[in-house]
1. Which condition number does LEU236 fail, the rest of (1) closer than 20 Å to LEU166 by Cβ; (2) under 21 Å from the mean Cα position of the chain (by Cα) being met?
2. I'm trying to understand the selection: among the residues of the range 18-48, which are among the aliphatic types (A, V, I, L, M) and under 15 Å from LEU156 (Cα atoms)?
3. Which of the residues that make up the range 142-171 are open to solvent by less than 40 Å² (accessible area, probe 1.4 Å) and farther than 24 Å from LEU65 by Cβ?
4. Taking strands (runs of 3 or more DSSP E) that fall entirely within the range 1-65, which contain at least 2 residues that are open to solvent by 70 Å² or more (accessible area, probe 1.4 Å)?
5. When the residues of the range 102-141 are narrowed to those that are under 17 Å from ALA72 (Cβ atoms) and modelled with pLDDT of 90 or more, which ends up surrounded by the fewest Cβ atoms within 10 Å (Cβ to Cβ)?
6. How many residues, within the range 273-284, are under 10 Å from LYS313 (Cβ atoms) and of a type in the set (Gly, Ala, Ser)?
7. Quick one: which residue in ARG22, ARG46 is over 18 Å from VAL102 (Cβ atoms), out of contact with any Ser or Thr (no Cβ under 9 Å at 6 or more places or on another chain) and among the basic types (Lys, Arg)?
8. Among the residues of the range 54-97, write down those that are among the hydroxyl-bearing types (Ser, Thr, Tyr) and over 32 Å from the mean Cα position of the chain (by Cα).
Amino acid sequence: MEEVWSQLSEEGIQKKVISPGRGELSAFPDGTKVVFHYRTSLCDGRVLDDSRTMGGQSKPMELILGKKFKLAVWERVVITMRKGEVADFTCSTQHTALYHLVSQSLRNISAGKDPLEGQRHCCGIAQIHSHHSLGHQDLDALQASPQPLVFTIELLEVLPPGSFLLDVWAMSDKEKLDVVPQIHEEGNAMFKEGRVKEATEKYYNGIACLKNLQMKEHPGDEAWIKLDQMITPLLLNYCQCQLVQGQYYEVIEHCTSLLFKYEDNVKAFYKRGKAHAAVWNEVEARADFAKVLALDPTLGPSVAKELRALEEKLRAKEKEEKDRYKGLFAPNAQTGSSPPGEEGLTGNRSASVYRFTVDRFVWCSGGGRSGGGGGDPTETDAVRWNADYKTQTIGAQNGGTKK
């Protein structure tokens, strides 16, 4: 053990054991998964990060050794620890120069954001000398002036290679490509069992695997197209899950992106049509369903069912609007009373109403004007905004008198 500590010291790392671990020291071959809690502090004691409190939750760090993690010193120090051990490691700036970027990624993950959000894509040396804001004052200060850091680490688990399922980010390109069919099947099974949220996550992970591989290919090349064709069914299944969960605008966005590349994709038209219908985009929904019929007439019964549902929704909406405005402006036939707010208007004076709805407005004549019949209001018409009924009442002043 003294020899290990001496090696660490020569490398600019000082180790201080706070609580000894148990058992023998593991071998830690490449591919070993280590799980640990960490706290990062400046040498004056100020804490930068703590995995037990970051993002309002206690979530330990997981590393696969040998995957070239950006903060290599963490791999270097954990292999000197026993399971259950807690130790402080004071590391010189040669080991901590990129910590501000690692910390930003970990903070993004804890907040549910893209780990690389806010980072510039460049080599490690360029990142060390980059001085754009990271969105955190403490990390900006660390970026501008790198300094030694103290990592307090508690080693929780040591899992040998092959004893656990790899996370997507830790897979090689071949492993990602091989696991996608399995992810697809698992997502399908979950969807059939009604576990829609879990199926959504499965499809998302499959898409992420393939997108990661696709980024390494030139758009339009054979390899890129092959990967894109593998992404398409996963994305359509993902959209089906989002339809069930009411995420209609996301479905419209994804299906539109698919149709931009694959103009005859019936499933994309069908799912987008359903999403348009759900958000009252009648014209767009009918156009998509018409395209579905043109591409695959055998889907006629399914399209007819969707169109009937759309028409029923529209009729219900129209009835609701009529009931909402019923009797607000028409004179009472039995009492001869005037519409609300128009009491005392006599002679040729009449009231007409513009009623505005979500997607259209209707010109409603409340009575004839001198010269015969209702007509469009003139510049001399008086406009009054009725806040209670969200309407505009336009009183035609063609010589009428007010009692």
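1. (1)
2. ILE18, LEU25, VAL34, VAL35
3. If the condition is that a residue be open to solvent by less than 40 Å² (accessible area, probe 1.4 Å) and farther than 24 Å from LEU65 by Cβ, then LEU142, GLN143 are the ones that fit.
4. Numbers: elements: 13-19, 33-42, 47-50, 61-64.
Ranges flagged: 13-19.
5. VAL102
6. 2
7. On the way: ARG46 fails: over 18 Å from VAL102 (Cβ atoms).
Selected residue: ARG22, the only one of ARG22, ARG46 that is over 18 Å from VAL102 (Cβ atoms), out of contact with any Ser or Thr (no Cβ under 9 Å at 6 or more places or on another chain) and among the basic types (Lys, Arg).
8. We begin by selecting, within the range 54-97, every residue among the hydroxyl-bearing types (Ser, Thr, Tyr); these are 58, 80, 90, 92-93, 96.
Once the filter is applied, which keeps residues that are among the hydroxyl-bearing types (Ser, Thr, Tyr) and over 32 Å from the mean Cα position of the chain (by Cα), the range 54-97 yields THR80, THR90, SER92, THR93, THR96.
The values are calculated or read from the model by the stated rules, or taken from the named source; none is laboratory data. A quick note: this is a predicted structure, and the numbers were derived from the prediction, not measured. For neighbour counting, all protein chains shown are included, and Cβ atoms are generated from backbone atoms with ideal geometry for every residue, glycine included. To get the accessible areas, we keep the full protein, side chains included, count just its heavy atoms, and leave off ligands, DNA and RNA. Shrake-Rupley method; radii C 1.70, N 1.55, O 1.52, S 1.80 Å.
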